[in-house]
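Take a look at the structure set out below.
The values are calculated or read from the model by the stated rules, or taken from the named source; none is laboratory data. Treat the numbers as computed from the prediction; the structure is a model and nothing was measured. Cβ coordinates were reconstructed from backbone atoms using ideal geometry, including for glycine residues, and neighbour counts include every protein chain displayed.
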Amino acid sequence: MTTTPSDPTPAPPGRPPIVDPADWQAARDELLVREKAHTREGDAIAAARRRLPMLEFDGTAEVVGPNGPVPFLDLFQGRDELMVYKHMWYDGAPHQGQCEGCTTTAWHLKDAVYLNARGVSFAILTTGRWDEVAPYVEFMGYTQPWYSVRDVDAPIGDPMGYLTSFLRDGDRAFLTYSTTARGNERVNGSLGLLDMTPYGRGEGWEDNPDGWPVIGDVREEYPSRARQSCWSWRSDADGNATWGPTSRPVPQWTRPGATPVETLGRQGHHH
């Protein structure tokens, strides 16, 4: 519905005010000043990130992939730069029992064709045993390189749940940067789009107008998550947000053969 100054239609309850085009543009321009400052600060932080000191480590340490053990240096695929995501793993759990946050992150970068074109290789590392990891990768339809780093020392192995970047200089390998938690959000472009929508991400911790609906709120079901980042939602077969035993990480429901479940099967973990 388009409104004009002569149209006094009030805003629905719990909604921002309705204004004329000039007032809307003025408010939008005011916010744009903050958005541009945010972008410039992000550029400055990225510049500082490129100047972080490096940590050298043994690049000949072996990880296990589809062709068996290989030295970590092989993951560079002849390139000088490597970005990895460290995917948490629950030992012995079925597909639906694996980490929902890691699933969401990995799903949003299903291949690295653009990174490769820019001279950057990409791989996913996990502490799961390869005989468990391989069928999971097949089920998810992933085309990224996956490797097991079980019992491999940091910075290749633990901790998990991190985006980590490496640099190679011949046979020397260096850790240059690592981030976790909300630092991983830059992989998930869906979050950036949700931040632009009227209702946002629909998470319990968001600062919304009074009366704004919270889409997929899980605070009553799981109060401990009321202030946590719940963007890594699980849902049941009908798409209802839930962290209960009938849930899967949301991207799994797109996969052929992803049937309804009754248990997460998390008997143990090796994060």
Exercise. For Ala134, are the conditions met, namely being modelled with pLDDT of 95 or more, outside any loop (DSSP other than H, G, I, E, B) and out of contact with any Phe, Trp or Tyr (no Cβ under 7 Å at 6 or more places or on another chain)?
Worked result: yes
Problem set entry | Residues that are over 16 Å from Tyr90 (Cα atoms), assigned to a loop (DSSP other than H, G, I, E, B) and of a type outside the set (Lys, Arg), drawn from segment 247-268 | Pro256, Gly257, Ala258, Thr259, Pro260, Val261, Glu262
Exercise. Hey, among the residues in segment 128-150 that are surrounded by fewer than 20 Cβ atoms within 10 Å (Cβ to Cβ) and of a type in the set (S, T, N, Q), which one's farthest from the chain's Cα centre (by Cα)?
Worked result: Thr143
Exercise. When you go through Gly202, Gly244, Gly239 one by one, which is the residue that is modelled with pLDDT under 85 and either among the polar types (S, T, N, Q) or assigned to a loop (DSSP other than H, G, I, E, B) (or both)?
Worked result: Gly202
Exercise. Quick check, is Ala106 within 22 Å of the chain's Cα centre (by Cα), assigned to a helix (DSSP H, G or I), under 29 Å from Thr242 (Cα atoms) and not charged (D, E, K, R)?
Worked result: yes
Seminar exercise, completed: Exactly one of Ala27, Ala37, Ala11 is among the hydrophobic types (A, V, I, L, M, F, W, C) and either surrounded by fewer than 11 Cβ atoms within 10 Å (Cβ to Cβ) or under 18 Å from Thr127 (Cβ atoms) (or both), and that residue is Ala37
For this session: For segment 43-80, enumerate the residues that are within 24 Å of the chain's Cα centre (by Cα), of a type in the set (Gly, Ala, Ser) and surrounded by 13 or more Cβ atoms within 10 Å (Cβ to Cβ).
Result: Gly65
For this session: From (1) within 17 Å of Pro159 (Cα to Cα); (2) outside any loop (DSSP other than H, G, I, E, B), pick out the condition that doesn't hold for Tyr90.
Result: (2)
